[in-house]
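Report on the following structure.
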Amino acid sequence: MTERVVVVGAGMAGLWSAMALAAPGREVVVLDRDPPPPEGGADAAFDSWQRRGVGHLRHSHAFLARLRTIVRDRHPALLDALLAAGCRELGFEGSLTAKHKERYVPAPIDRDLAILTSRRTTLELEMRRYAERLPGVEIRPETFVKTVVVEAGSPPRVTGVRLEDDSLLTADLVVDAAGRTSQAFEQLAEAGVTIPETSEACGVIYFTRHYRLNPGCEEPPRGRAGSTGDLGYLKFGVFPGDNGCFSITLCAPEVEEEMRKAIVDPEVFDAMCRELPGVAPWIDPERATPTSRVFGMGQLESRWREMAPEGRPAVTGFFPVGDCVVRTNPLYGRGCSFAAVSAHLLRDVLDAGRDPGQRLIAYRAGLERELRPYYEVMKQSDRAAIRRARAALLPGSKPSLRGRVMKSFLEDGVAVAIREDVDLLREFLRGFHMLEHPQAWLRRPRNMARILRTWARGKARNADLYPARGGPDRTEMLQKVGVSVTADRERLQAAA
């Protein structure tokens, strides 16, 4: 018998679901509210593909090593198509400092520590074309889902979806891949299905602008001043893309209202980039030309939805994937990886059989094992960053002794040791790229011993291992781009 799976949404989560679930004896119908991609290649997709359901379509994207290994090992034809379309593979060697290179010897793990980077429109275009060619997969564009259909029971069961034209599309199971705009949980609540969730604000807003290298120009050489960094009041990063394109993302704390209101102005955005030594060479007019306005992305939150509270399925026949079930700050680029991992977890659950309730319980267990550690670490990081951003605006605010020691340990111990020891860099990147628990490397005694030795040497003896200054302090930056230095401080003081 053929099992019909209806996937709501054709963004990253929807496409990964289609690719993971495509199998003999299974019909996968992907419903996309938006128009199909335009004819042509990567540039046509970036210029004119309308994706109302994907609010961050034109923000910076990269496939972390965990996701790139999934593509390489399970979808090699897709990897070939992505590279042919101009997507970039950035290998482990590109992460090495000058100190690393003095004694670097390649290791087998290095080949797994590469990332894929590109404009998101190029990634989605090639993924969609690949998915559409898989047996049993159908993508229906401009198909809007009005509601999920719920059959009463204990537990209730989702049996399909009702479309905008009021027609019914039945399914053995429905996969919610509609991302942040999903309406399914409100619809389930109206039908009496309660899905507990926890959520909290990430405390930041992202701003991205795209550029293209001028004819005959190359990317600037890497120097001590990094093209990514964190100044406390501002995070920044350059993302090499496909076909000579790249993007720059600036990330501002929500509490910095004056600065984030100004960044949306392309002139202010570029002016801030010119104050960052590792970023400025990229946007030199002799080297590159802007190709977009400044795109903003706000209202970011971490969220975890519990589909089987206390070990009991809340509903059967319904599986959320990607942002619909777990969402974190996009800072570390794990959203696409979460989508792919959850889709492949679902595939494993379905392939193993089980009754409908046990399927959901097994899926929940997989999410807890594979994604919960990264969710919790990122949430803790967001809380600390929010506290620091507010404290920086309040005069007289001083960190505690514990806070000062921890800051020194991270900045003068961990970060410096990673820049010196290539094995520590490998260990750190395994956790960063979701190849193991994010904190596992710090729990290994040999790694902690190396970090403590580096920290104990002190700043003077480690001076050559620190990166160059990433940019000006907050006051200098805001003054140079014409933004009030005191307005947000005054606002916070008045509110207090």
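The values are calculated or read from the model by the stated rules, or taken from the named source; none is laboratory data. Values in this document were obtained by computation on a predicted structure and should not be read as measured data. Every residue, glycine among them, receives a Cβ derived from its backbone with ideal geometry; neighbour counts consider all protein chains shown. These area figures cover heavy atoms from the full protein model, side chains too; ligands, DNA and RNA do not enter into them. Shrake-Rupley method; radii C 1.70, N 1.55, O 1.52, S 1.80 Å.
Assorted remarks:
- Residue check, G94 part of a loop (DSSP other than H, G, I, E, B), within 25 Å of H210 (Cβ to Cβ) and either in contact with a strand residue (DSSP E or B) (Cβ under 6 Å, 6 or more places away or on another chain) or open to solvent by less than 80 Å² (accessible area, probe 1.4 Å) (or both): no
- Residue check for G86: on the phi > 0 side of the Ramachandran plot and either open to solvent by 60 Å² or more (accessible area, probe 1.4 Å) or touching a strand residue (DSSP E or B) at 6+ places or on another chain (Cβ under 9 Å) (or both): yes
- Considering segment 193-237, and only residues there that are under 24 Å from G94 (Cβ atoms) and of a type in the set (V, I, T), the residue that is least open to solvent (accessible area, probe 1.4 Å) turns out to be T208.
- Exactly one residue out of P37, P24 is part of a loop (DSSP other than H, G, I, E, B) and in contact with a helix residue (DSSP H, G or I) (Cβ under 6 Å, 6 or more places away or on another chain): that is P37.
- Applying the condition of being modelled with pLDDT of 95 or more and among the β-branched types (V, I, T) to segment 157-192 and asking which residue is most open to solvent (accessible area, probe 1.4 Å) yields T170.
- Taking (1) out of contact with any strand residue (DSSP E or B) (no Cβ under 7 Å at 6 or more places or on another chain); (2) crowded, with 19+ Cβ neighbours inside 10 Å; (3) charged (D, E, K, R) in turn, R133 satisfies each apart from (2).
- Segment 301-315 - residue that is open to solvent by less than 10 Å² (accessible area, probe 1.4 Å) and touching a residue at least 60 places away in the same chain (Cβ under 8 Å) and, of those, nearest to V238 (Cα to Cα): S302
- Taken over segment 24-41, the criterion of being surrounded by fewer than 16 Cβ atoms within 10 Å (Cβ to Cβ) and either in contact with a strand residue (DSSP E or B) (Cβ under 9 Å, 6 or more places away or on another chain) or within 26 Å of T147 (Cα to Cα) (or both) is satisfied by G25, P35, P36.
- Odd one out for D265, checked against (1) within 22 Å of the chain's Cα centre (by Cα); (2) modelled with pLDDT of 95 or more: (1)
- Evaluating G396 against the criteria (1) more than 28 Å from the chain's Cα centre (by Cα); (2) part of a helix (DSSP H, G or I) leaves one unmet condition, (2).
For (1) modelled with pLDDT of 95 or more; (2) within 22 Å of R111 (Cβ to Cβ); (3) exposed (fewer than 13 other Cβ atoms within 10 Å of the Cβ); (4) charged (D, E, K, R), each residue gets a yes or a no:
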residue: R402; (1), (2), (3), (4): no, no, yes, yes
residue: L410; (1), (2), (3), (4): no, no, no, no
residue: I418; (1), (2), (3), (4): yes, yes, no, no
residue: E427; (1), (2), (3), (4): yes, yes, no, yes
residue: W441; (1), (2), (3), (4): yes, yes, no, no
residue: W455; (1), (2), (3), (4): yes, no, no, no
residue: Y466; (1), (2), (3), (4): no, no, no, no
residue: R469; (1), (2), (3), (4): no, no, no, yes
residue: P472; (1), (2), (3), (4): yes, no, no, no
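- Subset tally (residues that are touching a strand residue (DSSP E or B) at 6+ places or on another chain (Cβ under 8 Å) and open to solvent by 10 Å² or more (accessible area, probe 1.4 Å)) for segment 1-16: 5
- Count of residues meeting criterion [in contact with a Ser or Thr (Cβ under 9 Å, 6 or more places away or on another chain), outside any helix (DSSP H, G or I) and under 26 Å from A22 (Cβ atoms)] in segment 55-91: 10
- In segment 42-52, the residues that are surrounded by fewer than 20 Cβ atoms within 10 Å (Cβ to Cβ) and more than 22 Å from A84 (Cα to Cα): Q50, R52
- Residues of segment 56-71 that turn out to be more than 16 Å from F246 (Cβ to Cβ) and out of contact with any Cys (no Cβ under 7 Å at 6 or more places or on another chain), as a count: 9
- Out of V377, V341, V326, sole residue that is open to solvent by less than 10 Å² (accessible area, probe 1.4 Å) and over 23 Å from P155 (Cβ atoms): V341
- Matching residues, segment 393-413, being more than 19 Å from R469 (Cα to Cα) and free of Cβ contacts under 8 Å to residues at least 40 places away in the same chain: G396, S397, K398, P399, S400, L401, R402, G403, R404, V405, M406
- Output for segment 227-236, where each listed residue is touching a Gly at 6+ places or on another chain (Cβ under 8 Å) and either hydrophobic (A, V, I, L, M, F, W, C) or in contact (Cβ under 8 Å) with a residue 60 or more places away in the chain (or both): G229, D230, L231, L234, K235, F236
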